[in-house]
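> Right, I'll just put the structure down here and ask away after.
The values are calculated or read from the model by the stated rules, or taken from the named source; none is laboratory data. Small disclaimer: the values here were computed from a predicted structure and weren't measured. FYI the Cβ positions are ideal-geometry reconstructions off the backbone, even for glycines, and counts take in every protein chain you see.
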Amino acid sequence: MRVFVLTCDSYMKAIPGFAHQFNRYWSPNQQVIVCGFSKPEFEMPDNFTFYSIGDQRNYPVGKWSDGLIDVMWHFPMDEHFVLMLEDYWLCQPVNLDAIKMIYDYMKQFTNVIKFDLCADRRFAGGVQDYGDLGGIPLVKSDYTSAYHMSLYTGMWNRELMRKILVPGESPWQVELEGTPRLANHGDSMLVLGTKIDPWVVKHVLMYRNGNSGKMIWDGLSDEDIAELKELGYK
């Protein structure tokens, strides 16, 4: 299983910080594919590789989904993968045992389109208890809940995701307009999550409201902030 990180030219500057936090709190052995447009002008860690979707001029924000669809087609062997965005910076150790169990679970139950790895679905409206996985309580996202198609960090079933994605959508449209499309599939495309503390994956959102010039440091430790500032972040 690999982790795919979507970015664009204006947010490529977030990748060194993302990688720093990722390798600290996940693992420097976990393979990560950064999917963007222009090749980065900086070196990435050995476990990070770059894939160019193409010329960014052909992928404005209103065609964000086209880029993700391209990634789905280009990596057909990744039947299950974790999807993140470049400003999802980890802030606590990842539960690697839970990641492995979730991966095995999704391989067995092929009607699960997404397994939320943070706590997005846990705190969504109308969640239902859904048994447990190795002692970890599970929840099922209600089809009518907001952001049922949330892009917060999760593990995805590639084939099911491709059936929901349509060209010509921004990331916000993928979440908002993709929610009723996904809901129409009912239990044939489940979205699950966990009720566990600490969370399986916990990250902060470093840039908000599309503002790549302002960083939000809330949620990071003093040590993280000090080291990230040494990398040049302000």
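> Can you tell me how many residues in the range 1-37 are surrounded by fewer than 17 Cβ atoms within 10 Å (Cβ to Cβ) and within 18 Å of residue 69 (Cα to Cα)?
The total comes to 1.
> Within the range 22-36, identify whether any single residue is part of a helix (DSSP H, G or I), more than 18 Å from residue 117 (Cα to Cα), of a type outside the set (A, V, I, L, M, F, W, C) and in contact (Cβ under 8 Å) with a residue 40 or more places away in the chain, and answer yes or no. Step through it out loud before you land on a result.
Filtering the range 22-36 for residues part of a helix (DSSP H, G or I) gives 22-25.
With more than 18 Å from residue 117 (Cα to Cα) added as a condition, the list becomes none.
Within the range 22-36, not a single residue is part of a helix (DSSP H, G or I), more than 18 Å from residue 117 (Cα to Cα), of a type outside the set (A, V, I, L, M, F, W, C) and in contact (Cβ under 8 Å) with a residue 40 or more places away in the chain.
> So in the range 178-229, with the set limited to residues that are among the β-branched types (Val, Ile, Thr) and surrounded by fewer than 17 Cβ atoms within 10 Å (Cβ to Cβ), which one is farthest from residue 23 (Cα to Cα)?
216
> Within the range 155-203, which residues are in a helix (DSSP H, G or I) and aliphatic (A, V, I, L, M)? Show your work before the answer.
Of the residues in the range 155-203, the ones in a helix (DSSP H, G or I) are 158-164, 171-176, 178-183, 186-188.
Scanning the range 155-203 gives 160, 161, 164, 174, 176, 182, 183.
> Is there a residue in the range 148-170 that is more than 24 Å from residue 69 (Cβ to Cβ), under 18 Å from the mean Cα position of the chain (by Cα) and surrounded by fewer than 19 Cβ atoms within 10 Å (Cβ to Cβ)?
To start, the set of residues in the range 148-170 that are more than 24 Å from residue 69 (Cβ to Cβ) comprises none.
Within the range 148-170, none of the residues are more than 24 Å from residue 69 (Cβ to Cβ), under 18 Å from the mean Cα position of the chain (by Cα) and surrounded by fewer than 19 Cβ atoms within 10 Å (Cβ to Cβ).
> Tell me yes or no: at least one residue of the range 204-214 is under 16 Å from the mean Cα position of the chain (by Cα), aromatic (Phe, Trp, Tyr), modelled with pLDDT of 95 or more and not in a strand (DSSP E or B).
Taking every residue of the range 204-214 in turn, none turns out to be under 16 Å from the mean Cα position of the chain (by Cα), aromatic (Phe, Trp, Tyr), modelled with pLDDT of 95 or more and not in a strand (DSSP E or B).
> How do the strands (runs of 3 or more DSSP E) wholly within the range 47-136 filter down when requiring 2 or more residues that are surrounded by fewer than 20 Cβ atoms within 10 Å (Cβ to Cβ) and among the aromatic types (Phe, Trp, Tyr): which remain?
It comes to 48-52.
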